[in-house]
Every structure is written in structure tokens, then in C-alpha cells.
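Step one of this worksheet: look at the structure below.
The values are calculated or read from the model by the stated rules, or taken from the named source; none is laboratory data. Every value quoted in this text rests on a predicted model; they were computed, and no experiment measured them. Glycine also receives a Cβ, built like all others from the backbone with ideal geometry; neighbour counts cover every protein chain displayed. Note: accessible area is taken over every heavy atom of the protein model, side chains too, but ligands, DNA and RNA are not part of it. Shrake-Rupley method; radii C 1.70, N 1.55, O 1.52, S 1.80 Å.
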Amino acid sequence: TLNYWYQKTKEFQKSFCFKGIGRKNSLKGLIWIMEKIHKVGDKKEEITNTSEVDFAIRFLEHELETFFTLANKPNIDFNKTFIILEGGRSGGKSECVGIATLLMVLKRTETGTFICGREIQKSLETSVKSLLERLIKKYKLEKLFKITNKDILCKHNEVKIIFMGLKEGTSDNADTVKSTDQAFAIWVEEAQTI
């Protein structure tokens, strides 16, 4: 999270950053951070729908890179077939995978389905849907995603993020996952039990 990272930086940089934002809850405030503090982006670039997607991608990539740099661990390699993050509680794993999920969905050039699964999901409240909703609001990406009661839709490429339990007392749940239309990736939370 931004607050966590700024606490790890010099006090001057932290105060400079928050003065510059002026506590704005807008995409322009995030762009200001990227331009002034992290030297990302072009100040003269006009923010359009296309560049909003490009900016969101650059911003989320930077967030992941910053997290793994501070954690002194290698960043996620999206070219790998399987990516495993392990560690104790409150290590930021779910938050990182949530950012990576939004990044993968935004980068996709065609439609598809991203599955978020766990062993048992009794309701959407026990899924990672609330985490993804929080990240979308935190990074001001509401214009790019449509949040519904059951799923999350990326507006610019029609990629759908769905949530399901993988072992919910029925023997055909694996078939449900396999038959999900145009599934290109799956995030398995608490994967050690599956």
C-alpha cells in the first residue's frame, strides 16, 4: 500500500508527496505521484480513455515492482505457467496477487475469463472479490471496471473476473472450472489445501 511504502522512505519525501497530492481522491492525484515522485509518465500527455488504461497498467506495474523491491524478493514473472507466493500472514501476498490480477486483465488484448478460486467458497464474502473491489477503488480504476453482484468486468476488453469454489461437495466442480468459457488464468487462494 502507498502508506506502507511511504513510511519506508525518507520523511521529506513522504511529506513532499502528501503535500503535492493535496489529499485529492482522483486519477490526477495518482498521476502527480507518478510524475513527481516516481518519474513515470509524460506531464504533457492528455488523459484519454486509452491513456487511462496505459497509465493504470504502468502504475500497477510500478506498485508490484516497489513491493517486491522493498520485500527484497524477485518480482512476479508473468511468463511462468505456475506462480507460487508463500509466506506467513499479513505478508501482502493476496494484495500483490490482486494487483497482478488487475494488471493481467487490463493488459489482455482480447476477451476472456479470469477465475478466482479457493477450496470452499460459501459466499462471495469469503472470496477475494472484496479485495479486488477495494483495490479498484484504491487505485481509482472505477472507470475501467464494472463491479456487479457476481463478478467484475473490465470495460475496455470485456474480460470477466469470476469467483468460484473448487471443492464444494460436488464431484463436477473440476469440470465446471474446465468448461469455463475462454478461461486464461486462475488465482487459487489458500492453494496449499487443494
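Does L60 satisfy the condition of being in a helix (DSSP H, G or I), without any contact (Cβ under 8 Å) to a residue 60 or more places away in the chain and open to solvent by less than 70 Å² (accessible area, probe 1.4 Å)?
no
With the condition kept exactly as written, say whether any residue in region 108-130 is of a type in the set (D, E) and either modelled with pLDDT under 85 or in contact with a Lys or Arg (Cβ under 7 Å, 6 or more places away or on another chain) (or both).
yes
Yes/no matrix, rows are residues, columns are (1) open to solvent by less than 10 Å² (accessible area, probe 1.4 Å); (2) in a loop (DSSP other than H, G, I, E, B); (3) among the hydroxyl-bearing types (S, T, Y):
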{"residue": "P74", "(1), (2), (3)": "no, yes, no"}
{"residue": "L85", "(1), (2), (3)": "no, yes, no"}
{"residue": "S90", "(1), (2), (3)": "no, yes, yes"}
{"residue": "A100", "(1), (2), (3)": "yes, no, no"}
{"residue": "M104", "(1), (2), (3)": "no, no, no"}
{"residue": "E110", "(1), (2), (3)": "no, yes, no"}
{"residue": "I136", "(1), (2), (3)": "yes, no, no"}
{"residue": "L141", "(1), (2), (3)": "yes, yes, no"}
{"residue": "K150", "(1), (2), (3)": "no, yes, no"}
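Just a yes or no: is a residue in region 44-51 of a type outside the set (K, R) and modelled with pLDDT of 75 or more?
Checked against the condition, which is being of a type outside the set (K, R) and modelled with pLDDT of 75 or more, region 44-51 yields at least one hit.
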